[in-house]
Every structure is written in structure tokens, then in C-alpha cells.
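Report on one structure; see the data block that follows.
The values are calculated or read from the model by the stated rules, or taken from the named source; none is laboratory data. The model shown is predicted, which means the values in this text are computed figures rather than measured ones. Positions of Cβ are backbone-derived with ideal geometry, glycine not excepted, and every protein chain shown enters the neighbour counts.
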Amino acid sequence: MKKQAGYSIVLTAGLLLCATPLAADDLPAETPYVETMPEGPRDHWVALGDLNPLGSPDTRVVLFDADKGEMLGLLSTGYWSGLSYFPRGRSDIVTLETYFEKGTRGKRTDYAVIYDGKTLLPLHEIEIPPRRMTALTQTRMADLTDDGRFLAVTNFTPAQSVSIVDLAEHRFVGEVATPGCGQIYPVSARSFGILCGDGSLRIMTLDDAGQVATQAEGEPFFDAFKDPVLVPAARWGAAWLFVSMDGMIHEVAAENDVAKLRATWSLITDRERKDRWRTGGVQPLAIHEATSKLYALMRQGGPETYEEPAEEVWVYDLKTHAKIDTIPLTNLTLAINVSRDDKPLLNAAALKTVVPYWSLALVSILGNKFADFDVVKPALDIYDAHTGHHLRTIDHAANFATSVTQP
Amino acid sequence: MKKQAGYSIVLTAGLLLCATPLAADDLPAETPYVETMPEGPRDHWVALGDLNPLGSPDTRVVLFDADKGEMLGLLSTGYWSGLSYFPRGRSDIVTLETYFEKGTRGKRTDYAVIYDGKTLLPLHEIEIPPRRMTALTQTRMADLTDDGRFLAVTNFTPAQSVSIVDLAEHRFVGEVATPGCGQIYPVSARSFGILCGDGSLRIMTLDDAGQVATQAEGEPFFDAFKDPVLVPAARWGAAWLFVSMDGMIHEVAAENDVAKLRATWSLITDRERKDRWRTGGVQPLAIHEATSKLYALMRQGGPETYEEPAEEVWVYDLKTHAKIDTIPLTNLTLAINVSRDDKPLLNAAALKTVVPYWSLALVSILGNKFADFDVVKPALDIYDAHTGHHLRTIDHAANFATSVTQP
Amino acid sequence: MGRLDKWFEARTRAIARGTSRRGFLAGASAALLGTAAVPLLPVARVQAAMPTDGDATSCDYWRYCAIDGFLCGCCGGSPSSCPPGTVVSAVTWVGTCRNPNDNKDYIISYNDCCGRSSCGRCACQRDEGDMPLYRTDAANDINWCAGSTADIAYNCSTAVIMGVSTGE
Amino acid sequence: MGRLDKWFEARTRAIARGTSRRGFLAGASAALLGTAAVPLLPVARVQAAMPTDGDATSCDYWRYCAIDGFLCGCCGGSPSSCPPGTVVSAVTWVGTCRNPNDNKDYIISYNDCCGRSSCGRCACQRDEGDMPLYRTDAANDINWCAGSTADIAYNCSTAVIMGVSTGE
């Protein structure tokens, strides 16, 4: 239950003193007010990126308190976004937003918006080139430098480029052409990688003004045609772990601002590969840094099912590459993330059936064509990341969530 | 199947002559093109007004061919609209659209938009005062004068007024204050009524420039406190039939541009009233003029259920006020309309369960709390208006349709 | 399937009637008699958090007897507060709900919260005493965000206690 | 309910796998190799209406093997045409689908239709041969309306026959 009182639109201050209730045991009359976000640690906040495909001009970031299982509020992010970023050590929240003059037509304007983390009101709406990339997989479309100063945004027209936004000075800095490369993988205070079609990670480093000071090409670390890696990778310190379509992990670290392949290992045994185990969903990897654990969304199926929702999370020791746990998921899941704290939660953007499983099975057994029904709704499942226990499910968490972000 | 070819964005004309297929029995290569709306009578077109409450900035008008059961296309109408108007004898389609500069915030702009009836492209976007009224019951928020020249729009801030738009000259004409009155009920070439809180219908008549030439107050024809009439009335020539919450029909006709109560009669017998029969849904009445039939959406329940979806349509002879037929509905229905032609269709915006009824009953019997499930999706049901036979159901017709309009 | 369907249909329809009201996503709530007029009423007022006399996230909660909209209690607000980042509607309408705990009738002001996308959670339509649009004192179909500083962008609906009804 | 649930769960999950692909509302479809390059290919081209060799409103139709989006055939268009009021995407990507009627592999261009709200009907995700975003020649996750005259407003996806694949 929220305790802190916000402020009221209705100015009643003068009256509170001189008024009396009608009877002592009546419920007191109330003044409506606006809540503010709770104080204290944000580790167990969860932000769902809601693509809202049946209302694309109205994507949202939906904020939850994972401990209480309650919604905290939402940010409206316009056309095909739902992207939010939480600068470390600051309370503000950064979003990317796109608007057409007339909903789906007319002039397009893109913004990086800085919201006050307490009031959720927009503080700065920074106009950026109206070219940011939109896709179903949203998790690496943009990100902050580690110092929280700059936001790098991938553009696609289909020519590719990166826009840099200065969040301290609230201004668009500039745009750099990045032919054949896109998506943002921060590696240090002022550097981030971009993933290139030749299978390499190029490291871009910004100067104090946000201009690209250096660009370092990396060696190709995978074959984009033989076994391509998925875009939604997971960060481990200065390294990123990419998983390939065939279940290989490529661990790429930035050393002196050049990307180096540090290790390659397999998530699955040969036997599991034969049984068609692979990662699933659109945000399949998450890492808990303090315990060096990797969480991977897993499913069985052909290569064409690599983005379909997954049934299990497999847990690995990042140092030994050993599989150490299997977490059966309560609902089919599209995206996972793990909180950073020492009582970490595994947050899962899931699809929950609108009626119980058994009734659906019955429908199917009795001959109805299962695929004719709309039987799933998005839910947010919260698990204990250490034990794998399912703690709670938050129903109707979004219209269609494809990413899970958190502070 | 659509036969008429549209135009292609890809310019291939020069190549069509000199190219040959790879083999005689291969399927031919195709050039993508854009469809146009079918030629011929539009009587069996149906427009659903989709309020899209989970994506309010993205309401739509969804167009269907009721005979083929196919979607024809859609118009995007911005924030909380889905309102469309079909001028008689012309092919263009008029919508009301509202946009905020940034989706749900910033400057609000309202438009009356004229779309080409063949290409569905906007021809004229006429800016009007950003004050049009929005509500769940949408059907009388605006309408055309019978000559198709002017559009009258209800405003609510909560001060009430009416905006007039000249569709021939594509311009906003002016705004007239209408304190205590709103909603638009066309009665002749240049006149329309507005419904007032004192229980009267005031007739406004426009001059050739669209200025309000005369306003004629009517006598109150119902008691807004004892037995209020519903806003979504049905037109019968120069008359409008209003149904009250208690099932009384008030037939109000404009005579010499003054509203007169012509008849009052009951949709339901005393027995039916005791059994709590009343109208349901948000567009409960429809009239087929040529056969003088009234169609009413009926349901059983307390007064607080007067807008809940209905289970039956009761058919009345408008001349004798006799009930002549009962049409059991295939799905629970929120809004109906009847086409104007001599093979009339009864078009119904319905809610269809996503799994079969019997499986839901089973879930309920076995103890699950039924209300926890999301079990309905909007569908468009088409019935033969003469026989009441259910002809077809068009699934997933909209996100949430609250009005049915047609040419 | 046809026979089974028919067999259960009558029962299911009855259930669906109760369900549809909750699945019936819609409008808004808020009359010119509502909390805009609050400062004029001679009663003490509090800023209340989540109430403890019922489930504020359930459509069945007593205060919601005349509501039609998304419950703010599921959206980052409460029956008497708006979610962060929104504004309280400037005008509203009122309903009267019986509190089962003390059997008194309370006047409830259904202020909308405005200026952000519709919350989409806990759609609730109960409509007790709801009147057509021209009865602005009691019309919950109107988008009462109209007239708020955020204009018509509707997020969710509250159910604010104004006082005990003294009867009509 | 717990035991019943468990009993059916294994079977249902298997079904759900197949279903979720169809209920999995999403993206867009379209590679730089697609119909933007059409005029360069030496084949006769037709403007085709609804095909007769299968159900163009079904996700199972052979041409949709690599699609991810709303089927234009359910939205006022067809597998080779866009609904009225939209524009065909300027760039696109291609897939290769086996036609069960003649057992030939056809190259299919998945042009998006752009400039209006998402159709919302017949969501279909099959993803055969779908590749990550940097493989723009085969990435159906990208909103390929980018670069169209209507920019990124996505309405539905087509599946246009470009010709018979000559193998790789």
C-alpha cells in the first residue's frame, strides 16, 4: 500500500482546519491527490516495454513493484517504442518516443525524454533525428553510457546510423553513419559497441562533448551466415554474452576499447541439441553479476521457433560454464531479466492463458481447432532468482510486452 | 475477391512487356499494388467504430463488406473517435479525428476529415475547435445535414456548444453555444435537433453559409429525472424514436422545424417489465424505413445493466407498435444497425467468447471464478433483417467496437 | 459440439452477463457536483491511501457501485489518488454507494485521472444510477477528463469519499 | 483443480507452442533484396488478386512460411496487395517457400503496407529462415515500413511471388 501522499489539484488547505465530519464514526471525506513514486531502493522495480501492436501509436513503459506485485505507474512512449533506460545513481528515467503529427500520418518527430523519477512528469523532451529503428526485438535499440551522461540510439532508414544525446545538457549531439552496424552494447563510462553484419563488434568512444572520438573495429567473432548470434545479448562487466541460434555462447569483452572474443562455449549438450533445445523469446539471456550466473530462456523446437515463448530457464555458472539449475516456468515466457541486488528476482514477461490449461486441453481433445482461440494475455511473473521459486504473477501487466528492463 | 487493380509504388511498366517467366507452369511473378474500394452499391458496407480503449490514441473506423464477410480497409481516427459519416449520394467518407502533439500530451488538434471513398486517402483535413465531446456512447456525437453539405459536432469542455463544418467548402464555419443541450439528430436538408437536459429537442436550422439561422425550442417530451431517454435514438423519416430507460418509445418529429411529440408507446408489456426486460448495449435501436420496422436490442436485468450487451433483438411494426418478431442473437451484442436497401442486413457489433460456451460453463462449474478470465473478443455478426437468420460472423472485427455505421 | 454447446449455453449466458460488465472496457467517470466543488463542503478531508475495508483492486469493492473505467487502485493510484504523472480531473460526477461495513450511504466522487495512456488494468463497469449524457450530474459515459489541464487523455478512475448521504 | 491442471498441462503446452506463434502479435516483414529491386528481374509480373491455391487468410498458407505480422489478406488487401489508403513499403526482405501444389520453391517478398494503424487481424508468425536484425536480407523482426513514404506506421504484411528459386 502506498503511504506517501502526493499533492492535490483541489486546493483545500484552508478548509481542512475549520471543517468537522458529519458523525464521529463516518468514514472521513477525502481529497483526491496524485501519487508519487515510492522512495527507497529501486532494485525491485520492473519496467515492461509494451509494444501494444493493436494500438501502435500508444506504446508504454509499465512500471511495477515486483515485491508487492503492484503497478506503480506508466509512461506513454508514442509510436512503436516502450523503451526505457535507468541511469545508475540517478532517479530520472529516460525514454525514446516517436509521434506522428496525426497519429499514423504527417510529420514524424522523435524524442529522448527525461522523466522525473518521483513525479513521472517529463522534465526534458529532447528532439532527435526522426530515424530511430523499430523492430520486434527492442532490447538493444539504444542504451546509456555507463556514466549515464549520453544516450546512443540506433537509426535505420534503411541506412544505418547512431544518434548521440547528451542527457546532462539535454541536447542532441550528433549522428554518425554506421553502415552495416547497429544496436548498442555499452562497455564502459564513455564507450559502447555496435554489432556489425560481418560478425564483429565495433567499439565507439565518446569525448566529453559526446562526439565520437574513436571507433575501433573488432575481429569477427561469429559467422553471420553459418551460425548468427541473437541481438539481445546479456552484459557481464566489460563483456557481453551473445547466444547463437545454435546455442553457442560467445563472450566478447572490450579490452582497451577493442572488442575481443574471450570465450566460446555451448549452452546445450550434443544430446540436447539433437533434442532441439534452443533459446526462445525475444530477450532470452540475463546475468546476475554478483553471483556470476547466466539465466537462459529455453524451449524445444526447430530453428524457426527461436523467438517463440519459452518453457524453462536454465541457469549456468559463468565461470565454469556448467549448467547448475533448471527453473520450470509457470507461464510461457518471452523476455527475462534479473535484478542487480543480493536478493535477486528473476522477472519474466510471460503469456498466461485466459482460461486454465486443462480447459484448453479439453477443447482441443474434443475437436475444436486450438489455434482459432485467443487464449493468452501478457503477465509479469516474478521468481526468486536463487531458488527458482515462483513468487507471484501480475496479471494483465501490459497489452503485449516484449522487453523487461529495470534500474 | 477483389478484382480491381490499384496502382503500384514500384514502377514496372516498362519491364512488363519484355520479360518472360522462368517456366510456363510456374506461378507468375507479381507486382505488389494498393487496392481500391469496390465499385457499386455500398448498402452492405458496414463501418465499426473502434474505441480501442487499450490504445486510445489509435481509434479506428473498420470497413467491412457484410455480404462477403471481408474487411475492406480501415481509417485511423486518432484519440477517442472511431466516428464516420457517409454523405448520401456521394462516395466520400467523413470522420472526426483528434490528435495530441505527443500522443497523450501537448497541443490538441481536432479535425473533420474527408476521405476519398475509392482510395481511402484523406482529401481534406479541416481543423475544428479542439473541444469535441468524447464518451462511451458515440452514436450521436455528430452528424451530417441531410443534403450532405454540413457536419454538426457536439462540444463539451464541460461547457456545451456545437461546431458547424462546411464539407463543400472544406472549412470550419463557426461554433454556437448550446448550454444544456448536445448530440446531433438530423431532421431535414439543413436542420438538426439537439437534445436538452429539460427533456426537449431543439431544432437548429442552417443558412446557405452554414450559420445558424433559427433555433426552435421544443416542448419537453420526457422527464429527464423520472424516466430519461437514451441518447442513441433511431431515425424514421423526419422523426426520431427515443427509448427511455423504462422501455417507453417517444416518437418526436420535426414539423415546420419545430419538434413535436407524435406518439409514446411501450416496447415491453407490463409482464415483461416485471421480468426486467429492457434495452441493452450502447446503440440499441435501428429502423428499416421501407418496411417501417423497428429493431431493439433487448436484455433482462436491473436498470444498472442498461448498457450491458444484449441477447435478443425484438422487431416491431412502427405503424401498429406491435412486436412482430424475436431474433435470438448468436453472440452478446452492443450495437445494431440495419441497411437501407430492400434486402436489408441487421449488422451487430458483438462480443464473442474466445473459447466455446460449453468449455466456459465447465470452468465455472468446476469452481474457477469466471470473472477472472478475459473471455470475449469483438465480432461483427450479420443477420438477414427480414428473417432474423444469422448469416455470418466476422471474427476479430475490431479491438472494441461501440458503434455500427453504414452508408 | 453443437449439442454440448446448446446444453451449456443457457447457463453460460447467465454467467457471461455478470462477466461482460467486468470485461466491458470503456469510458470514464467523474459531475459538476463532484470534487471540483469540494472546498465548499463543510467536512474534514484526508488524503487517504489504499483503504482497508475491502479490496480496492476488485470491481466488487463497495465504492465502485457507479463506476465505469479502469480502477486507479490497479494502476499506481488508489480509490482516492491518481497514478504518478497524471492529473485529477477538474470536474466530476457523483454516485451514492452503500458501505456494507456501516450500512451508510456515501456520496462518491468518480474523478478521472488524466494525461497519460489508458491504464488498461481492472476494467470495471457497474453503472448503478448511471444516467444518459445530458444528465451530467450522473453520467459516467462522459470522458470527464474533458476540462482537465490534460484535456481528454484518460488514464483511470477513482472513487473518492465526499461524505455520508443525507438522503434525497 | 491442481491435479487436473497438471494432468493436462504437458499436452496443452505442446499445443500452445503451435498456437502462440499465431497469437504472437508482432512486427513487420519486408530485405533490400525485395520488390524494391523488382524492375531489375527478367520475369513477367502480374497484379494478382486473392490467390486460389490456398486460404490467403490462414497463417498456414504456403506463401506465409517466413512472415511475421498481420496478413493483408484479412485487412482489405491480399497476399500481393495492400489495403486501400496504405502504401507498399519501399524496401523489403525475401524468404523462400515451398509451394505444395507444384513442389517448387518460390522466392517471396514480404512487403509491408504502411501509413495506417495496424490492422490487428490474422496475426501470423512463422519465421522460417528468419535471421537477426543485422541480416537485413532475411530479418522479419524489422519494421520494414521504415523508408516507405509513410515512414514506420505499420498496417499489415504481404507475401508477393517474385519467381521460382533457382537454388543456392
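Hey, among the residues in region B:219-239 that are more than 14 Å from chain C (Cβ to nearest Cβ) and not acidic (Asp, Glu), which one's surrounded by the fewest Cβ atoms within 10 Å (Cβ to Cβ)?
First, the residues of region B:219-239 that are more than 14 Å from chain C (Cβ to nearest Cβ): B:219, B:234-239.
Imposing the further condition that a residue be not acidic (Asp, Glu) reduces the set to B:234-239.
Numbers: B:Ala234: 24, B:Arg235: 16, B:Trp236: 19, B:Gly237: 13, B:Ala238: 17, B:Ala239: 23.
Going through the qualifying residues, I end up with B:Gly237.
Quick check on my filter: what residues within region D:137-161 are surrounded by fewer than 24 Cβ atoms within 10 Å (Cβ to Cβ) and not in a loop (DSSP other than H, G, I, E, B)? Across region D:137-161, the qualifying residues are D:Asp137, D:Ala138.
Which residues, counting only those in region C:151-165, are more than 7 Å from every other protein chain (Cβ to nearest Cβ) and either under 13 Å from C:Asn140 (Cα atoms) or modelled with pLDDT under 95 (or both)? Write out each step before concluding.
Taking region C:151-165 and keeping what is more than 7 Å from every other protein chain (Cβ to nearest Cβ), we get C:155-157, C:159, C:165.
Matches in region C:151-165: C:Cys156, C:Ser157, C:Ala159, C:Ser165.
B:Asn331 falls short on exactly one of the conditions (1) farther than 24 Å from B:Leu51 by Cβ; (2) modelled with pLDDT under 95, and that condition is (1). Of the residues making up region D:79-98, those that are more than 7 Å from chain B (Cβ to nearest Cβ) and of a type in the set (S, T, N, Q) are D:Ser89, D:Thr92, D:Thr96.
Looking only at residues in region A:148-157 that are not in a loop (DSSP other than H, G, I, E, B) and not β-branched (Val, Ile, Thr), which one is farthest from the chain's Cα centre (by Cα)?
As a first pass, look at region A:148-157 and keep what is not in a loop (DSSP other than H, G, I, E, B): A:150-156.
From what's left, not β-branched (Val, Ile, Thr): A:150-152, A:155-156.
Numbers: A:Phe150: 18, A:Leu151: 15, A:Ala152: 16, A:Asn155: 18, A:Phe156: 20 Å.
Ranking the qualifying residues of region A:148-157, first place goes to A:Phe156.
Identify, please: which residue in region A:308-324 is within 21 Å of A:Ala349 (Cα to Cα) and aliphatic (A, V, I, L, M) and is, among those, nearest to the other protein chains (Cβ to nearest Cβ)? If we take residues in region A:308-324 being within 21 Å of A:Ala349 (Cα to Cα) and aliphatic (A, V, I, L, M), then A:Ala310 is nearest to the other protein chains (Cβ to nearest Cβ).
Evaluated against (1) of a type in the set (A, V, I, L, M, F, W, C); (2) modelled with pLDDT of 95 or more; (3) within 21 Å of A:Met141 (Cα to Cα), D:Cys114 falls short on exactly one condition, (3).
Among the residues of region A:128-147, those that are at pLDDT 95 or above and in contact with a Gly (Cβ under 7 Å, 6 or more places away or on another chain) comprise A:Met133, A:Ala135. Consider region C:100-136 and keep the residues that are among the aromatic types (Phe, Trp, Tyr) and within 13 Å of chain A (Cβ to nearest Cβ). The one that is surrounded by the most Cβ atoms within 10 Å (Cβ to Cβ) is C:Tyr110.
For A:Asp384, work out the one condition from (1) at pLDDT 95 or above; (2) buried (at least 19 other Cβ atoms within 10 Å of the Cβ) it doesn't fulfil. For A:Asp384, the exception is condition (2). Restricted to region B:192-214, and to residues there that are within 17 Å of B:Gly174 (Cβ to Cβ) and buried (at least 21 other Cβ atoms within 10 Å of the Cβ), the residue that is farthest from the other protein chains (Cβ to nearest Cβ) is B:Gly210. Considering region B:271-295, and only residues there that are hydrophobic (A, V, I, L, M, F, W, C) and either closer than 18 Å to C:Pro132 by Cα or part of a loop (DSSP other than H, G, I, E, B) (or both), the residue that is nearest to the other protein chains (Cβ to nearest Cβ) turns out to be B:Val282.
Within the group A:Val113, A:Val94, which residue is within 23 Å of A:Asn155 (Cα to Cα) and away from chain C (no Cβ under 13 Å)?
On the way: A:Val113 fails: away from chain C (no Cβ under 13 Å).
Exactly one residue qualifies, and that residue is A:Val94.
Within region B:181-229, being of a type in the set (A, V, I, L, M, F, W, C), part of a loop (DSSP other than H, G, I, E, B) and more than 30 Å from C:Gly129 (Cα to Cα) holds for B:Val187, B:Ala189, B:Ala209.
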